[in-house]
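Readers should treat all values here as calculations from the given coordinates under stated rules, not as data from a laboratory. Everything numeric here is computed off the predicted structure, so don't read it as measured data. Every residue, glycine among them, receives a Cβ derived from its backbone with ideal geometry; neighbour counts consider all protein chains shown.
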Amino acid sequence: DRKLVKEVLEGNSTAFKTIITNTQGLVIQIIYKMIKTQEDREDLAQEVYLKVFDKLASFKFNSKLSTWVGTITYNTCLKFLEKKKIPILDVTNKEGAESWDMLESKALGSDYSPIESYIFKKESGQVLASEIEKLPPLYKTIITLYHNEEMSYREIGEITNLPEGTLKNYLYRARKQLRESLLLNYNIEDL
């Protein structure tokens, strides 16, 4: 990270392209989970990398460069949502839902062939991705960073500026809302 940053600050545009390449997956994940329209997503991605370039000299190496870029991405998305008056969190709670793992294990019981089990897993993955997209932006982002990007609570906390306890709570709520939505909208036989 230090070498790349130094090269960019010395005017090496190839080094900045490397930073973009190394962080674009994370940036895309955050933007796509928080922002709905494609045009806004593209504009925000450009804005993020302009900010990264402008602020690169102030990067203190207190975290990984990718975490720092993720923080800029998250904050840029937050400001955009606030400007548009779009809530980032819906704290509506509903009680009593069976876990997705329990549903999956029931569906993959001994009555199913390996082919049927494979089809269930593939279709359930598509259903799950679709239902994740329906979550509030903050929940989608936290689930994506934790499960897809395999980031620790500490790293997610650095990006979102949320304490670890709050992140764990939000992740629990996001999973619960996801579970309830799946149970409400899908019969296990439909998967």
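Numbers at a glance
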| quantity | calculated |
| --- | --- |
| Cβ-based net charge around Gly165, under 14 Å, with every Lys or Arg adding one and every Asp or Glu removing one | +2 |
| GluC sites (Glu not before Pro) within segment 1-96: DSSP coil, no more than 14 neighbouring Cβ in 10 Å | Glu10, Glu95 |
| Stretchable slack from Glu133 to Asn22, in nm (0.36 nm times residue separation minus alpha-carbon distance) | 37.5 nm |
| Ranked by how many other beta carbons lie within 10 Å on average, peptides 50-62, 12-24 from highest | 12-24, 50-62 |
| Stretch gain in nm, segment Arg154-Ser58, where the contour uses 0.36 nm per residue and the Cα spacing is subtracted | 32.4 nm |
| Chain lengthening between Gln46 and Tyr186 when straightened (0.36 nm per residue, less Cα-Cα) | 46.6 nm |
